[in-house]
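Engineer: Here's a structure for you.
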Amino acid sequence: MSTSSPAAAALPSHLTDLFAAADSLGALLDAPASAAGDVPRPEHPRPQLHRPTWLNLNGTWQFEIDGGDSGIDRGILERELEGEITVPFAPETEASGISTLDFLEAVWYRRTVTVPADWEGLRPILRFGAVDHDATVWANGQEVARHRGGFTPFSADLSGLARAGEEVEIVVRARDHRDALQARGKQSVWYHATHATYPRTTGIWQTVWLEGVPEVAIRTLRVIPSLAGSSFAIDAPLSANRPGTVLEVSASVPGGEEVATAQVRADLDLAPHLELAIPAEHVRVWGPGAPELYALTVRLLGAEGEVLDEVSSYAGLRSTSLDGREFRINGQKVFQRLVLDQGYWAETFMTSPTDRAMVEDIRLAYEAGFNGARLHQKVFEERMLFWADLHGYLVWGEFGDWGVSGRGGLGHNQQPTAAFIGQWIEAVARDISHPSIIGWCPLNETHQVIHDRLTVLDDVTQAMYDATKLADPSRPVLDASGYSHRVRGADIYDSHSYEQDPEAFRAEQSGLAEGAPYVNRRDLAPDEMPHADGSFSLPYAGQPYFVSEYGGIWWNAEEARRAAEEAGNNAAESWGYGQRIGSEGELYTRFEGLTRVLLEDPEMFGYCYTQMTDVFQEKNGIVDFARGRKLDLARLRAVQEQVAAYEQD
């Protein structure tokens with residue numbers, strides 16, 4: 001049996017054109033490089049709101065592991081640390097220079113930073129992309145920030161502690177207690193990575209940076225498109241509402257002419273709001289494979305017309321709408337051919353090793369025939385969404401909620417905390433303006449039998465759903481991907497199925513037209529639990545429906561050869577779903593059979609295939625962990641290019 005990787009076929013012209021357009025847009029819309037360019041991951045981490053005054057703080061920091069979380073008592077805060085680490089890579093990774101895979105209860109970082117001398121009159125704001133899990137930050141010995149949650153950004157204002165040209169000493173402690181109830185995503189709660197969980201990530205794992213911000217400043221931007229009105233609704237919370245100030249927003253063709261501008265008073269409302277209308281002759285619609293974007297310039301003007309603050313951004317004019325079982329994008333029935341993307345790399349784990357590595361994943365997915373992804377069990381770096389926007393790549397915004405299962409008895413085994421709600425809304429707030437996000441899903445596979453009593457899972461699921469709808473009524477929300485649907489009448493309904501036989505899969509999925517789709521459940525013994533029949537979910541109510549996980553076909557040519565010789569395999573060490581195949585040809589046959597079941601269902605609006613890459617012991621990717629070609633992606637694309645029954649009039 002040959003174990004050589006399939007050669008890459010020539011790309012069709014529509015993909016080469018799309019990729020070239022994305023690169024051109026990136027050059028026009030991306031932020032300027034930091035003054036500290038010779039560092040890992042030097043690009044701007046917040047591409048939808050950037051100023052020229054920023055400094056990348058990735059690179060070498062002092063570092064020390066605090067095995068007993070006793071560092072405060074032992075004086076770590078006041079002294080130099082024992083080792084060094086390369087930020088933004090977690091200490092578990094090779095790229096960090098530490099590479100320890102044991103549990104880390106607490107870790108410390110220290111670095112002296114000089115505020116740029118030309119930032120006179122600006123407030124130095126220290127920003128963290130993500131620190132896992134509980135972070136405390138000190139500057140010159142004074143506590144300046146606390147944050148809980150390993151997936152979302154936070155900041156600290158260093159005003160009063162360091163001025164332009166001065167040094168400031170930053171100390172960070174990250175706690176990641178092994179037994180705490182916390183959102184971990186795919187991080188293993190056992191020592192070893194096993195089955196569908198991976199090694200842990202502790203401490204800083206996204207870019208750290210310093211930003212020079214005016215005293216009166218634009219805090220953030222919220223840009224919501226209205227395709228029907230050919231306009232953008234823009235909210236810009238401010239640090240202060242000074243008399244006579246004005247908010248001005250202009251839109252232009254990236255690298256080209258200005259096409260629209262609007263102003264509104266900024267001294268009356270805490271978050272000034274305006275509608276930016278795009279003239280009919282300049283309307284450019286963002287859609288799948290069509291990354292039409294506008295460059296935005298947002299200015300806060302003083303009473304005399306002077307510029308108090310200015311930020312650069314971009315936006316896409318795109319809509320989502322629902323009607324019965326239809327999920328429409330820009331008014332069209334677009335079949336969502338999604339792939340499950342875990343967002344891990346061998347040498348850097350949850351952190352992308354380079355900016356281009358995220359681009360490569362998007363392009364590999366396109367090459368295999370997918371038009372989008374579920375960004376799974378973590379909040380991806382915002383740069384991933386930047387490139388998704390630039391590729392017309394559909395994504396579902398998700399959260400890494402795993403980590404609280406198995407903490408109680410039957411019917412009470414899920415124990416999410418109130419912190420999940422706040423962390424999730426931080427993620428929604430960060431990403432709300434990205435046109436590539438076409439839906440939100442805060443929870444995944446919360447397998448808990450539904451019964452006669454309300455539980456913490458019901459409370460948190462409902463709260464996360466309601467908070468999402470309040471924060472963003474413009475997109476549909478799926479309360480939980482697979483298993484426990486606990487919000488009656490939620491926007492979207494789904495299931496997960498790893499049935500490997502295409503005909504059995506077809507029979508399993510055949511009830512959707514009659515309003516009785518496949519729903520995940522558990523078999524209960526008679527009288528095993530009162531007032532429960534094994535269902536995880538409230539009943540289906542006619543919403544748009546898709547199978548948001550299927551496939552997961554295991555394949556590794558070398559392991560298949562060894563298994564044939566040794567007559568065995570170990571799922572914990574080499575994970576995939578269902579009966580293993582014995583040849584690459586069998587994989588194509590099974591992939592086509594399973595995928596056609598979903599493509600040929602006129603009531604099904606999409607699917608999500610598991611998965612994008614092999615990940616550690618998981619061997620069910622369309623490419624291997626190093627993004628090498630283990631399959632002929634053109635053959636997968638040929639299957640998916642079939643016009644879906646849902647898309648036909």
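The values are calculated or read from the model by the stated rules, or taken from the named source; none is laboratory data. Nothing here was measured: the structure is a model prediction, and the numbers come from that model. A quick note on method: Cβ atoms are made from the backbone with ideal geometry, for glycine too, and the neighbour counts reach across all protein chains shown. We work out accessible area using only protein heavy atoms, side chains counted, and drop any ligands, DNA or RNA first. Shrake-Rupley method; radii C 1.70, N 1.55, O 1.52, S 1.80 Å.
Engineer: Just checking, which of ALA117, ALA95 is assigned to a loop (DSSP other than H, G, I, E, B) and either closer than 17 Å to ASN56 by Cβ or open to solvent by 30 Å² or more (accessible area, probe 1.4 Å) (or both)? Spell out how you get there, then give the answer.
Structural biologist: Working: ALA95 fails: assigned to a loop (DSSP other than H, G, I, E, B).
That would be ALA117, the only listed residue that is assigned to a loop (DSSP other than H, G, I, E, B) and either closer than 17 Å to ASN56 by Cβ or open to solvent by 30 Å² or more (accessible area, probe 1.4 Å) (or both).
Engineer: On the given criteria, is ASP73 acidic (Asp, Glu), within 30 Å of ARG637 (Cβ to Cβ) and either open to solvent by less than 50 Å² (accessible area, probe 1.4 Å) or at pLDDT 95 or above (or both)?
Structural biologist: Details: acidic (Asp, Glu): yes; within 30 Å of ARG637 (Cβ to Cβ): no; either open to solvent by less than 50 Å² (accessible area, probe 1.4 Å) or at pLDDT 95 or above (or both): yes.
So ASP73 fails the test.
Engineer: OK, next. As an exercise: evaluate THR112 against (1) polar (S, T, N, Q); (2) without any contact (Cβ under 8 Å) to a residue 40 or more places away in the chain; (3) in a strand (DSSP E or B) and give the number of the one condition it does not meet.
Structural biologist: All conditions pass for THR112, except number (2).
Engineer: Step by step: first the residues of segment 290-347, then only those that are of a type in the set (Asp, Glu) and crowded, with 22+ Cβ neighbours inside 10 Å, then the one that is farthest from ASP601 (Cα to Cα). Which residue is that?
Structural biologist: To start, the set of residues in segment 290-347 that are of a type in the set (Asp, Glu) comprises 292, 304, 306, 309-310, 323, 326, 341, 347.
From what's left, crowded, with 22+ Cβ neighbours inside 10 Å: 309, 341.
Values: ASP309: 52, ASP341: 24 Å.
The selected residue is ASP309.
Engineer: Testing LEU126 on (1) surrounded by 19 or more Cβ atoms within 10 Å (Cβ to Cβ); (2) in contact with a Pro (Cβ under 9 Å, 6 or more places away or on another chain); (3) farther than 30 Å from ALA346 by Cβ, one condition comes back false. Which one is that?
Structural biologist: All conditions pass for LEU126, except number (2).
Engineer: Are there any pairs with C-beta distances below 9 angstrom linking a residue in segment 73-90 that is more than 19 Å from THR348 (Cα to Cα) to a residue that is open to solvent by less than 20 Å² (accessible area, probe 1.4 Å) and outside any strand (DSSP E or B), with the two at least 6 apart or on different chains, and if so which?
Structural biologist: ARG74/ASP66; ILE76/ASP66; LEU77/GLY71
Engineer: Let me ask something else about it. Output the qualifying pairs, or none if there are none: Cβ atoms under 7 angstrom, residues six or more apart or on different chains, first residue in segment 494-514 and within 15 Å of GLY576 (Cα to Cα), second residue of a type in the set (Val, Ile, Thr).
Structural biologist: Hits for this filter: SER497/VAL547.
Engineer: Another question, if that's okay. Out of LEU594, LEU599, which single residue is within 21 Å of TYR366 (Cα to Cα), at pLDDT 95 or above and touching a Gly at 6+ places or on another chain (Cβ under 7 Å)? Before the answer, list the steps.
Structural biologist: Working: LEU599 fails: touching a Gly at 6+ places or on another chain (Cβ under 7 Å).
Matching residue, one of LEU594, LEU599: LEU594.
Engineer: When ASN569 is evaluated against the numbered criteria (1) in contact with a Phe, Trp or Tyr (Cβ under 9 Å, 6 or more places away or on another chain); (2) part of a loop (DSSP other than H, G, I, E, B); (3) surrounded by 14 or more Cβ atoms within 10 Å (Cβ to Cβ); (4) at pLDDT 95 or above, which criterion, by number, is the only one it fails?
Structural biologist: Exception for ASN569: condition (4).
Engineer: With the requirement that a residue be of a type in the set (Ser, Thr, Tyr) and farther than 17 Å from SER352 by Cβ, what does segment 363-398 give you?
Structural biologist: The one that is of a type in the set (Ser, Thr, Tyr) and farther than 17 Å from SER352 by Cβ: TYR366.
Engineer: Go through segment 28-69 and give me each residue that's in contact (Cβ under 8 Å) with a residue 12 or more places away in the chain, open to solvent by 30 Å² or more (accessible area, probe 1.4 Å) and of a type in the set (Gly, Ala, Ser).
Structural biologist: ALA35, GLY37, GLY67, GLY68 - these are the residues of segment 28-69 that are in contact (Cβ under 8 Å) with a residue 12 or more places away in the chain, open to solvent by 30 Å² or more (accessible area, probe 1.4 Å) and of a type in the set (Gly, Ala, Ser).
Table: residues versus (1) without any contact (Cβ under 8 Å) to a residue 40 or more places away in the chain; (2) over 19 Å from the mean Cα position of the chain (by Cα).
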position	(1), (2)
HIS192	yes, yes
TYR198	no, no
GLU211	no, yes
ARG219	yes, yes
ARG222	no, no
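Engineer: Further, regarding this structure: Of all residues being open to solvent by 50 Å² or more (accessible area, probe 1.4 Å) and among the basic types (Lys, Arg) in segment 462-513, which is farthest from TYR550 (Cα to Cα)? Just the residue, please.
Structural biologist: Per the criteria, the residue is LYS469.
Engineer: When you scan segment 207-234, how many residues do you find that are open to solvent by 40 Å² or more (accessible area, probe 1.4 Å) and part of a strand (DSSP E or B)?
Structural biologist: Summing the residues that are open to solvent by 40 Å² or more (accessible area, probe 1.4 Å) and part of a strand (DSSP E or B) in segment 207-234 gives 2.
Engineer: Continuing with the same structure: Pairs please, first residue from segment 267-279 and over 14 Å from VAL246 (Cβ atoms), second anywhere and part of a loop (DSSP other than H, G, I, E, B), Cβ atoms under 6 Å, 6+ apart in sequence or on different chains.
Structural biologist: The qualifying pairs are ALA271/PRO237; ILE278/SER230.
Engineer: Could you check, for segment 197-206, whether at least one of its residues is over 20 Å from ALA303 (Cβ atoms), open to solvent by less than 30 Å² (accessible area, probe 1.4 Å), modelled with pLDDT under 95 and among the charged types (D, E, K, R)?
Structural biologist: no
Engineer: Can you tell me which residues in segment 602-635 are within 22 Å of PRO517 (Cβ to Cβ) and open to solvent by 10 Å² or more (accessible area, probe 1.4 Å)? Quick ask: steps written out before the conclusion?
Structural biologist: Start the filter on segment 602-635 by keeping residues that are within 22 Å of PRO517 (Cβ to Cβ), which leaves 602-610.
If the condition is that a residue be within 22 Å of PRO517 (Cβ to Cβ) and open to solvent by 10 Å² or more (accessible area, probe 1.4 Å), then PRO602, GLU603 are the ones that fit.
Engineer: Does TYR483 satisfy the condition of being at pLDDT 95 or above and not in a helix (DSSP H, G or I)? Let's see the steps before the verdict.
Structural biologist: Details: at pLDDT 95 or above: no; not in a helix (DSSP H, G or I): yes.
In short, no.
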